[in-house]
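Worksheet for the structure shown next.
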Amino acid sequence: MPAAFPKISKIQFEGAKSKNPLAFKHYNAKEKIEGKTMAEHLRFSVVYWHTMCGQGADMFGSPTAIRPWETGKKGIELAKARVPVFFELCEKLGAPYYAFHDRDVAPHGKTLRESNKHLDTIVDLLKKEQKRTGTKLLWGTAQLFVHPRYTHGASTSPNADVFAFAAAQVKKAIEVTHELGGEGYTFWGGREGYSTLLNTDMKREQEHLAKFLHMAVEYKKKIGFKGTFYIEPKPKEPTKHQYDSDAAACLNFLREYNLLGELKLNLETNHATLAGHSMQHEMEVAGAAGALGSIDANTGDLLLGWDTDQFPTDIYLTTQCMLSLLKYGGFTTGGVNFDAKVRRESFEPVDLFHAHIGGMDAFARGLKIAAAIRKDGRLDQFVRDRYASWNSGIGEKIEKGKVGFEELEKYMLQKGEANANSSGRQEFLENLINEFI
């Protein structure tokens, strides 16, 4: 089959001084940082949905994307045509992983049986391309939010038949993820929430969601799938409120329904900002709970109030992400998954390369900067010093559970007043980070 990108060769690392727009300036896959290569640290993944199915349409405008390989095709034939193009892109980028939704790689059929048949057809092609290129599946998922049947949600729908259909769809998606050697599976509740509480039994819906996840865990074990299950938090859009609203809400849900040991979190930057958090905040919440699994690498436009899914280019953002990731030991599952799309105005095929190269370089720079900050040690030392009062004396006794209110009252009555606070020195620390960026 002829190349879809005949004028583009495999993207090479040329260093920071290169002016070649189709070269890496910072991502050197074999360069070692803190004992591992960049490729091992970052585990880059290209998403199928935005990359192959994004057409450049928005709520105010028609599609703009120029995709020559799609001309004259539709349905299953269009789905077949996209597969080799996608793997050519991954191969030329040197991206070791990819991720997909079931209904993005294969079209809806008129029935579940026909949809499954379409998916099986495409899975055969994906398997061949994985073998040819060496590109592996980071995680799969089921698209449970676009079709009209999911108007009121999937596992949280008031319609029991919709719950059953969603379960059957997820069963198949887990099976094909397992068949393709996927390293994980993600649950994103695109419509698992509400638009108004006037028609919503929230307690019942959340209990149904928990039952759904327990069924999935049970089936995963039954078929011997060893991949990691993830929940992806998002606060709103398309619903007013979604039950997986942020990392803390997801962790609370998992604890309440005895699922914490079965699922980790797949965190996305744009979802974090929609929840009123930074990505680093979400990573710290998940990391502290031992539930930091994978990240969707993108960013939003802070002047726009919706999920714009732009490619990450902010070095402060990627540095913060990598500081938290390295702090918690790096990826043991998951990776840096580019859940991002080119802008509507960036409609030529080459723009797909520019976007991914920029994102990969931004995270490579973030990795190098974070490692340098850690090696320097001043930031870590400042934090350790700030909490020094907990390492001995009354602080140590509190942490070890050796005192209660009565003992603490006696301690302060004898002492009279607390020791003076030390400055938080936020400005000093921000300047310190700037030394490295």
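Within the stretch 208-239, take every residue that is farther than 20 Å from Leu251 by Cα and aromatic (Phe, Trp, Tyr) and give me the one that is farthest from the chain's Cα centre (by Cα).
Ranking the qualifying residues of the stretch 208-239, first place goes to Tyr219.
Criterion first (over 20 Å from Ala3 (Cβ atoms) and either crowded, with 19+ Cβ neighbours inside 10 Å or touching a strand residue (DSSP E or B) at 6+ places or on another chain (Cβ under 8 Å) (or both)) does His101 satisfy it?
When the stated conditions are applied, His101 passes them.
Residues checked against (1) on the phi > 0 side of the Ramachandran plot; (2) free of Cβ contacts under 8 Å to residues at least 60 places away in the same chain; (3) not in a helix (DSSP H, G or I):
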position	(1), (2), (3)
Met360	no, no, no
Gln381	no, yes, no
Ser389	no, yes, no
Lys397	no, yes, no
Leu408	no, yes, no
Ala418	no, yes, yes
Glu427	no, yes, no
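Can you say whether Arg191 is under 22 Å from the mean Cα position of the chain (by Cα), of a type in the set (D, E, K, R) and either more than 20 Å from Leu138 (Cβ to Cβ) or at pLDDT below 95 (or both), as far as the supplied structure shows?
So Arg191 passes the test.
Tell me which residues, restricted to the stretch 359-418, are touching a Phe, Trp or Tyr at 6+ places or on another chain (Cβ under 9 Å) and either exposed (fewer than 12 other Cβ atoms within 10 Å of the Cβ) or modelled with pLDDT under 95 (or both).
Result: Glu399, single match.
Return the residue satisfying two criteria in turn: it lies in the stretch 65-95 and is open to solvent by less than 40 Å² (accessible area, probe 1.4 Å) and not in a helix (DSSP H, G or I), and of such residues it is nearest to His41 (Cα to Cα).
Ala95
Here is a list of conditions, (1) under 24 Å from Ile11 (Cα atoms); (2) open to solvent by 40 Å² or more (accessible area, probe 1.4 Å), and Ser62 meets all of them except one; can you say which number that is?
(1)
Read through the list (1) under 23 Å from Phe86 (Cα atoms); (2) surrounded by 14 or more Cβ atoms within 10 Å (Cβ to Cβ), then give the number of the only condition that Pro21 fails.
Of everything listed in (1) under 23 Å from Phe86 (Cα atoms); (2) surrounded by 14 or more Cβ atoms within 10 Å (Cβ to Cβ), Pro21 misses just condition (2).
I'm checking my understanding of the structure. Among residues of the stretch 175-229 that are assigned to a loop (DSSP other than H, G, I, E, B) and among the hydrophobic types (A, V, I, L, M, F, W, C), which one is most open to solvent (accessible area, probe 1.4 Å)?
As a first pass, look at the stretch 175-229 and keep what is assigned to a loop (DSSP other than H, G, I, E, B): 180-183, 188-192, 195-196, 200-201, 224-227.
Checking which are among the hydrophobic types (A, V, I, L, M, F, W, C) leaves us with 180, 188, 225.
Working: Leu180: 11, Trp188: 52, Phe225: 9 Å².
Among those residues, the one meeting the criterion is Trp188.
If we keep just the residues of the stretch 262-298 that are touching an Asp or Glu at 6+ places or on another chain (Cβ under 6 Å) and among the polar types (S, T, N, Q), which is surrounded by the most Cβ atoms within 10 Å (Cβ to Cβ)?
So, considering only residues that are touching an Asp or Glu at 6+ places or on another chain (Cβ under 6 Å) and among the polar types (S, T, N, Q), the one surrounded by the most Cβ atoms within 10 Å (Cβ to Cβ) is Asn266.
One line per residue, one yes/no per condition, for (1) among the β-branched types (Val, Ile, Thr); (2) open to solvent by less than 40 Å² (accessible area, probe 1.4 Å); (3) in a helix (DSSP H, G or I):
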residue: Ile8; (1), (2), (3): yes, yes, no
residue: Lys17; (1), (2), (3): no, no, no
residue: His26; (1), (2), (3): no, yes, no
residue: Lys30; (1), (2), (3): no, no, no
residue: His50; (1), (2), (3): no, yes, yes
residue: Gln55; (1), (2), (3): no, no, no
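Return the only residue of Gly56, Gly35 being touching a residue at least 24 places away in the same chain (Cβ under 8 Å) and either out of contact with any strand residue (DSSP E or B) (no Cβ under 8 Å at 6 or more places or on another chain) or on the phi < 0 side of the Ramachandran plot (or both).
Gly56
Of the residues that sit in the stretch 230-255 and are of a type in the set (D, E, K, R) and closer than 24 Å to Lys171 by Cα, which one is surrounded by the fewest Cβ atoms within 10 Å (Cβ to Cβ)? Before you say what the answer is, go through the steps one by one.
Filtering the stretch 230-255 for residues of a type in the set (D, E, K, R) gives 232, 234, 236-237, 240, 244, 246, 255.
If we keep only those that are closer than 24 Å to Lys171 by Cα as well, we get 232, 234, 244, 255.
Values: Glu232: 22, Lys234: 26, Asp244: 22, Arg255: 11.
Only one residue fits best here, namely Arg255.
Take the stretch 299-326 and flag every residue that is under 17 Å from Asn266 (Cα atoms) and either of a type in the set (Asp, Glu) or surrounded by fewer than 19 Cβ atoms within 10 Å (Cβ to Cβ) (or both).
Asp307, Asp309, Leu326
Being of a type in the set (Ser, Thr, Tyr), under 23 Å from the mean Cα position of the chain (by Cα) and modelled with pLDDT of 95 or more is the requirement here; does Ser9 meet it?
For Ser9, the condition - of a type in the set (Ser, Thr, Tyr), under 23 Å from the mean Cα position of the chain (by Cα) and modelled with pLDDT of 95 or more - is not met.
Report every pair of residues separated by at least 6 positions or lying on different chains whose Cβ atoms are under 9 Å apart, first residue within the stretch 200-225 and at pLDDT 95 or above, second basic (Lys, Arg) and outside any helix (DSSP H, G or I).
Final answer for the pair search is Lys220/Lys226.
The values are calculated or read from the model by the stated rules, or taken from the named source; none is laboratory data. Treat the numbers as computed from the prediction; the structure is a model and nothing was measured. Ideal geometry is used to build each Cβ from the backbone, glycine not excepted, and the neighbour counts take in all protein chains shown. The accessibility values were calculated without ligands, DNA or RNA, using every heavy atom of the protein model including side chains. Shrake-Rupley method; radii C 1.70, N 1.55, O 1.52, S 1.80 Å.
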